[in-house]
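Each remark here refers to the structure printed beneath this line.
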Amino acid sequence: MFQFLKHLFDTDFVPHGRCFLGRQDVLWLHAGSDVAITLAYYSIPLILVYFIRKRRDIPFTRMFLMFGVFIFACGTTHLLEVWTLWVPVYRLAGVVKLITAATSIATAAVLFPVVPKALALPSLEESNKKLLQMTSALKRSNRDLEQFGYIVSHDLQEPLRMVASYVQLLKRRYSGRLDADADEYIRFVVEGATRMQRQIDDLLAYSRLSTQARPFAPCDCNAVLAATLASLQMAIKESGAVITNQALPVVLADATQLGMILQNLIGNAIKFHGPEPPRIHLGTLKNGQEWVFSVTDNGIGIDAQYADQVFVMFKRLNDRDFPGNGIGLAVCKSIVERHGGRIWFESRPHQGTTFYFSYPLRPVDQAETTAAQIPEQAAAV
């Protein structure tokens with residue numbers, strides 16, 4: 001074996017090209033054909049590697065890799081066919097063919113047990129059928145949600161409103177005429193009924209996010225922010241909040257729902273402030289293929305242990321200290337996801353919070369009006 005390998009590159013044979021007896025047309029026909037086959041064979045493994053890297057969810061990765069090695073070895077045998085036309089390294093060519101044979105056998109061995117598994121995979125027709133079934137189920141679920149919203153708004157609110165009215169009447173008529181425990185019980189009932197009414201209203205609003213959504217259209221975020229600040233004017237004045245912002249881009253979005261995001265995030269920043277007056281800044285930047293908006297405050301902050309609960313509907317971290325039902329951030333999450341974006345936050349207790357939400361870049365976002373091209377402005381409100 002050692003002697004064989006020692007003479008692996010020896011050329012003590014007749015070049016293969018002499019078999020063509022000086023016929024250059026036949027010689028170059030074989031050389032050109034083998035070169036073309038070699039290039040084709042070498043390109044196939046590169047395509048397979050690219051495919052595997054991009055689709056890591058596809059099974060049978062080992063089979064793809066073995067098949068790529070086999071094709072590469074086949075290409076090398078054709079490359080040596082060209083070489084031996086002029087340089088008779090037949091020992092090397094034989095070794096490459098032996099490697100190709102071993103690889104082909106190994107590939108076949110890997111392929112045999114894979115075939116039953118591949119045949120068991122659902123066909124494209126079956127996958128499409130399941131997808132249609134899931135889509136139909138989702139549509140039914142949305143219809144049920146609409147019906148539930150109707151029931152909530154009509155069938156539940158009226159008796160609850162009657163209970164609240166009579167309890168408030170009971171409170172006005174008998175407050176101070178009963179003992180302290182009775183007055184406290186009546187207060188609890190009034191507070192509970194009022195809170196339930198607010199929860200029903202919020203739940204109805206949440207259910208309408210998709211059913212009453214508007215088509216996406218070019219939306220000037222600066223105008224949306226101005227309208228949002230106008231609606232929050234009373235809270236801004238009472239808290240002494242100072243709100244600054246960068247110039248914002250034009251995006252393709254539902255302007256009403258974008259306003260709901262800004263109102264919830266800015267409203268929370270005003271509500272959950274510390275001993276100092278709220279200082280809030282709205283910023284934006286283009287990050288790859290998305291706009292990233294940020295709302296930063298100097299409020300009480302959020303402990304990291306509650307990160308998984310912040311966007312859960314009706315989940316409140318400060319149940320009694322601040323008013324509200326804990327649905328605002330769930331609404332923001334639903335709207336952002338409808339637009340194909342994401343929402344998250346960074347915070348430390350007593351050191352403020354920054355909420356981020358992203359909007360994917362769409363054709364209108366390529367317009368000349370971008371945050372990077374408009375001077376930053378600061379408006380103290």
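The values are calculated or read from the model by the stated rules, or taken from the named source; none is laboratory data. None of these values were measured; they are calculated from a predicted model. In this analysis, Cβ positions are derived from the backbone assuming ideal geometry, glycine residues included, and neighbour counts consider all displayed protein chains. These accessible areas exclude ligands, DNA and RNA; they are computed on the full protein's heavy atoms, side chains included. Shrake-Rupley method; radii C 1.70, N 1.55, O 1.52, S 1.80 Å.
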Handout entry: With DNA, RNA and ligands ignored, accessible area of PHE216 (1.4 Å probe; Å², nearest 10)
Key = 70 Å²
Handout entry: Using alpha carbons only: equivalent-ellipsoid semi-axes of region 8-84, gyration tensor based, whole Å
Key = 35, 14, 7
Completion exercise
Taking the alpha-carbon centre of each part, the distance from region 344-358 to region 154-180 in Å is 41 Å
Fill in the blank from the handout: With the 1.4 Å probe rolled over protein heavy atoms, region 27-129 has an accessible area per residue in Å² of 65 Å²
Exercise for the section: Find how many whole Å separate the alpha carbon centroid of region 69-97 from the alpha carbon centroid of region 109-132. Expected result: 37 Å
Practice task
Would you mind telling me the share, in percent, of accessible area of region 52-102 contributed by carbon and sulfur at probe 1.4 angstrom?
Solution key: 70 percent
Problem - Packing-based order for 254-265, 39-50, using average beta carbon neighbours within 10 Å, highest first - result: 254-265, 39-50
